[in-house]
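Encoded as structure tokens, the structure appears first; notes follow it.
The values are calculated or read from the model by the stated rules, or taken from the named source; none is laboratory data. Bear in mind the structure is a predicted one, so any value in this text is a computation, not a measurement. Every residue, glycine among them, receives a Cβ derived from its backbone with ideal geometry; neighbour counts consider all protein chains shown.
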């Protein structure tokens, strides 16, 4: 019952709160991305200022850093955007340079495959239209970060290959 009440309060808040707007001036490029997993938030920075924020969906097992392939966790650490996928299963995608050296070393110590192909992508086409505005409330990716397709278009325009991205717990 408590879980249902929490979900309903989160759903109500999501439907009542307007999506964040772009800052005046709409920069053409951002120079840094910060993701805070517990807040399900992605902030885009230009010249040290947050110019855009998105709510993000995480992997189905969001607590803790990604340990190995198939664990459903979203990585934690410092990476860069290292590729652009104009057509992906979930609209467009920006590739993240996971695993980094630290991730590979941890996987070696554990004797596991660290996994790969972590991206920021748009929505799963199977998500019903009524749930698309609140997709971020559910842990539905395999470890990637997901935004709406419209937000993915903004990211596509503003984020270049080589842009640093930090993913925090």
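Structural remarks
- Output for the range 137-162, where each listed residue is touching a helix residue (DSSP H, G or I) at 6+ places or on another chain (Cβ under 8 Å) and buried (at least 22 other Cβ atoms within 10 Å of the Cβ): 146, 147
- Listed by first and then second residue, the pairs with beta-carbon distance under 6 Å, at least 6 apart or on different chains, first residue in the range 34-51 and farther than 14 Å from residue 96 by Cβ, second modelled with pLDDT under 95 and part of a helix (DSSP H, G or I), are 40/136.
- Test for residue 151: is it touching a residue at least 40 places away in the same chain (Cβ under 8 Å), in a helix (DSSP H, G or I) and under 23 Å from residue 161 (Cβ atoms): yes
- Members of the range 87-129 that are out of contact with any helix residue (DSSP H, G or I) (no Cβ under 9 Å at 6 or more places or on another chain) and closer than 13 Å to residue 149 by Cβ: 87, 88, 89, 125, 129
- Qualifying residue in the range 69-84 (condition: surrounded by 14 or more Cβ atoms within 10 Å (Cβ to Cβ), more than 26 Å from residue 148 (Cβ to Cβ) and touching a residue at least 40 places away in the same chain (Cβ under 8 Å)): yes
- Scanning the range 1-38 for residues that are under 25 Å from residue 141 (Cα atoms), exposed (fewer than 13 other Cβ atoms within 10 Å of the Cβ) and modelled with pLDDT of 50 or more returns a single hit, 38.
- When the range 67-116 is filtered for residues that are farther than 30 Å from residue 132 by Cα and touching a strand residue (DSSP E or B) at 6+ places or on another chain (Cβ under 7 Å), the ones remaining, listed by number, are 100, 102, 103.
- Taking the criterion of being in a loop (DSSP other than H, G, I, E, B) and under 21 Å from residue 77 (Cβ atoms), the residues of the range 25-64 that qualify are 30, 31, 40, 56, 58, 60, 61, 62, 63, 64.
- When the test is whether a residue is within 16 Å of residue 33 (Cβ to Cβ), touching a residue at least 60 places away in the same chain (Cβ under 8 Å) and part of a helix (DSSP H, G or I), residue 166 does not pass it.
- Residue match in the range 118-135 (condition: out of contact with any strand residue (DSSP E or B) (no Cβ under 6 Å at 6 or more places or on another chain), closer than 19 Å to residue 169 by Cα and outside any loop (DSSP other than H, G, I, E, B)): no
- The set of residues in the range 39-59 that are in contact with a strand residue (DSSP E or B) (Cβ under 9 Å, 6 or more places away or on another chain) and farther than 22 Å from residue 140 by Cβ comprises 44, 45, 46, 48, 50, 51, 52.
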